[in-house]
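Everything on this sheet refers to the single structure shown next.
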Amino acid sequence: MEVLISEKIKDYDDIIKIHNLYFDNKWQTNDIENMNSTENYSFIIIKDGNKTAAYLISYDTSDSIDLFEIAVDSGYQRQGMGTILLKALSEENRNRDIFLEVSEDNEKALLLYKKNNFKQISLRKNYYKGNKSAIIMVRKYDN
C-alpha cells in the first residue's frame, strides 16, 4: 500500500467508482476535473498497486481545512484506511483546524472521527435528505 499526498490527481476512475457506491450525488469525470483545476482542493489517496483503495478530498479555506469527502473501497474497509487518511491530512496541516460535517446516522464515520480526535461543535437540523441532521465536527490543531 502506498499513501499519495497530492494537490492534483490524474486517475479519476476509481475515485468516481468508490464515490458513486456510497454517496447519493453521483459523480462524472468533469466533477473531479473541476475540483482538480481548483487550487483549494487537495487529494490524499491510498493505492494498492494500480487500484485506489481509499481517498480523502480536502478544501483549504485559508483559515482552516474542510474535510470535503473520505471514502474507502468496500474490499478495503475495516483495515484502518480512514485513520491513515486522517493522520496524513493532519500531518500535512499541522497548524490548522480541520472541520467536517457528517450525517447523524453515519455511525461508521462518527466512530472514525471520534477515534481521531474530532469533536462535535454544532448541529444542522434537517440538513440532509430524509430530514437527517448534519453534525459539524472539528479537530483542533493542538490535538
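The values are calculated or read from the model by the stated rules, or taken from the named source; none is laboratory data. Because the structure is predicted, anything quoted here is derived from the model rather than measured. Virtual Cβ from ideal backbone geometry, glycine too; neighbours counted across all protein chains shown. For the accessible areas, the whole protein counts, side chains as well, though only heavy atoms, and no ligand, DNA or RNA atoms are used. Shrake-Rupley method; radii C 1.70, N 1.55, O 1.52, S 1.80 Å.
Test of the criteria: in region 1-77, which GluC sites (Glu not before Pro) are in a DSSP loop and have at most 15 other Cβ atoms within 10 angstrom of their Cβ?
Qualifying residues, ordered by number: GLU7, GLU39.
Which value in Å is the Kirkwood Rh of region 20-61 over different Cα pairs?
Values: mean 1/r = 0.0855 Å⁻¹.
In region 20-61 this quantity evaluates to 11.7 Å.
Calculated from the structure, Cα extents along the principal axes in Å equals which of (1) 44, 29, 27; (2) 60, 36, 21; (3) 38, 36, 31?
Answer label, from the structure shown: (3).
So for the pair ASN36, GLU104, with labels modelled 7 Å out along Cα→Cβ, what separation do we get in nm?
About 3.8 nm separates the two model spin labels.
How large, in percent, is the carbon and sulfur part of the accessible surface of the chain at a probe radius of 1.4 Å?
44 percent
Which trypsin sites (Lys or Arg not before Pro) in region 8-71 sit in a loop by DSSP (not H, G, I, E or B) and have at most 16 other Cβ atoms within 10 Å of their own Cβ?
LYS8, LYS10, LYS26
Using a Cα-Cα cut-off of under 27 Å, which lysines could be cross-linked to LYS132, ignoring same-chain neighbours fewer than 8 residues away?
Qualifying lysines at Cα under 27 Å: LYS17, LYS26, LYS108, LYS114, LYS115, LYS119, LYS140.
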